[in-house]
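Working notes for the structure below.
The values are calculated or read from the model by the stated rules, or taken from the named source; none is laboratory data. Computed from a predicted structure; not experimentally measured. Neighbour counts run over all protein chains shown; Cβ positions are idealised from the backbone, glycine included. With ligands, DNA and RNA removed, areas are computed over all heavy atoms of the protein, side chains included. Shrake-Rupley method; radii C 1.70, N 1.55, O 1.52, S 1.80 Å.
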Amino acid sequence: MIGGVVSGEGEGTGVVDELGGRVAGLMGRAWGDLAELVAIPSVADPRQQPPERCREAAEWVAAAFAGVGLRDVRLVETPDGSFAVLGHRPPPPGAPTVLLYCHYDVQPPLDDEAWVSPPFELTERDGRWYGRGAADCKGNVVMHLTALRALGDELPVGLKLVVEGSEEQGTGGLEAYLTQHPEELHADALLICDTGNAAVGVPTATVSLRGMANVVVTVRTLESDLHSGMFGGPAPDALAALIRILDSLRDVHGGTHVEGLPADGRWEGMGYDEQQFRSDAGVLDGVRLTGSGTVADRLWARPAVTVLGIDCAPVVGSASAVPCEARARVSLRVPPGMDPDVAQQALTAHLVKAAPWGARVEVEPESKGSPFRAATDGKAYAALDRAAREAYGRPLSFLGQGGSIPLCSALAAQYPGSEIILMGVEEPRSLIHAPNESVDPGEIEHMALVEALFLRHYAAAGR
């Protein structure tokens, strides 16, 4: 073991140890890079952070990648107003080209008081590095930089770089840019580094992503709110009607039930232990998981509904009144093989049909994204498996992800001959999108080595 990296089969122990030593020697710089990036509150929502902070992050990223040998590194404005960082390095003769993807924008910190340390200050605690974006996705920015620094001038493939600036907002800027400039992101293999391992120390590629079909449902029952003492009882309560409608989206076990959509899919890849899931998700003692089938079935192979928010009177400040109107934002995650347009239509019809007491229901379509399933039988996946065995001492695992990365479906449609790999430094303990997000620095080190080894092996495999 050199610098905490396991040398394994394939490349040769000496070569792997030498490259692993280079990566280990760069971890101090990785901390500094991540600390600088985390300190920039690059939330791509002008209502929460000035747009200048995102531009500051983009400029930092551009300078860093120019410093590791990429050419023509520049900021391009995408149709949603965000800036993506692009760059490239031509391939040696006969070598393939690899696209490196990540994003520099982050989720808002949510509740500052829930953070043990300041969200925009990288802090080491119990062997992990804490800060908003430390894992999702600035940790992956640093992983790319560390891998490229370790390789230095020995880069055996061509590279294209795209670092997105509005992924967390889901406004589709990069997807729209892709349709306008399809040649800029084309490569033989696309490393989409916005996911991570099943657990620390378990090298994993995400091969399945659920899409989404979100709606906003509005329920109206009265011309205006009414005094509950004078009218409560026979006066139809819009919030109660909404609650009934939303409850109809669950079966007796709490599983998703939308009329017209199958909910019996099976996941064939790596499973997810129920006790591990309870621990990862922070499920309270005595609270049962919802739905039926395996945890992996429910996460990665079936539609899943979530009520994201409700507009109604708050508890503090509410009046003694029967509400005339209530709204909810409803998210439906869509597994591979299910059309998001069909799913959104089915959800809309279900919500309207479920209305009690003749309540008036309006359903407004919101965001929508296609699911994704990767083909894993090509040269890139073979090279990644070899790299994983050398860096971690164990083969590559496959899992699904309940989340959505709409760009993957857009890339698959645009470049049907390219291999798409989802990987990165995130894992369940990272608590991405939640307070106290963190990254295990060992994952940055190991995954940077995996990436560096992958680029070597993929070059040797040829186009």
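By the rule of a C-alpha distance below 30 Å, with chain neighbours fewer than 8 residues away ignored, the lysines paired with residue 160 are 138, 368, 379. The residues of the range 124-190 have, on average, 28 Å² of accessible surface per residue, using a 1.4 Å probe with all protein chains present. Looking at the range 39-135, the pairs of alpha carbons with a distance over 16 Å make up 64% of the total.
Label point of residue 414 set 7 angstrom out along Cα-Cβ; within the range 196-230, no amide nitrogen lies under 18 Å from it.
Leaving ligands, DNA and RNA out of it, report the carbon-plus-sulfur percent of the accessible area of the range 22-72 at a 1.4 Å probe. Here it works out to 51 percent. For the range 396-463, the solvent-accessible area with a 1.4 angstrom probe is 28 square angstrom per residue. With R₀ set to 30 Å, the beta-carbon distance separating residue 224 from residue 281 gives a calculated FRET efficiency near 0.15. Of the listed values (i) 82, 47, 44; (ii) 65, 61, 47; (iii) 68, 59, 40, grab the one calculated as Cα extents along the principal axes in Å from the structure here. This structure yields the entry labelled (i). Between residue 310 and residue 461, the contour length at 0.36 nm per residue exceeds the Cα-Cα span by 49.1 nm.
Surface composition of the range 191-328: carbon plus sulfur atoms contribute 53% of the solvent-accessible area (1.4 Å probe, protein chains only, all chains present).
A Förster radius of 25 Å combined with the Cβ-Cβ distance from residue 366 to residue 180 puts the calculated FRET efficiency at roughly 0.55. Helix-only arithmetic for the chain: the sum of -39500 (n - 2.57) across DSSP H runs with n ≥ 4, divided by the residue total, places the mean residue ellipticity at 222 nm at -9500 deg cm²/dmol. Of the whole protein surface, residue 373 contributes about 130 Å² of accessible area at a 1.4 Å probe radius.
Shown is the FRET efficiency for residue 266 and residue 15, computed with R0 = 45 Å from the Cβ-Cβ distance and rounded to the nearest 0.05: 0.65. If each Cα of the range 140-276 is one equal point scatterer, what is log10 of I(q)/I(0) from the Debye formula at q = 0.19 Å⁻¹? Results for the range 140-276 at q = 0.19 Å⁻¹ read -1.31. Residues of the range 76-120 with an amide N closer than 19 Å to a point placed 7 Å from the Cα of residue 55 along the Cα-to-Cβ direction: 76-86, 104-106. For the range 99-180, carbon and sulfur atoms together expose 45% of the accessible surface, with a 1.4 angstrom probe and every protein chain in place.
Largest to smallest in accessible area, the residues 177, 272 fall in the order 272, 177 (1.4 Å probe, all protein chains included). Protein heavy-atom accessible surface, 1.4 Å probe, per residue over the range 202-334: 53 Å².
The aspartates and glutamates within cross-link reach of residue 353, meaning a Cα-to-Cα straight distance under 17 Å and a gap of 8 or more places when in the same chain, are 247, 251, 259, 362, 364.
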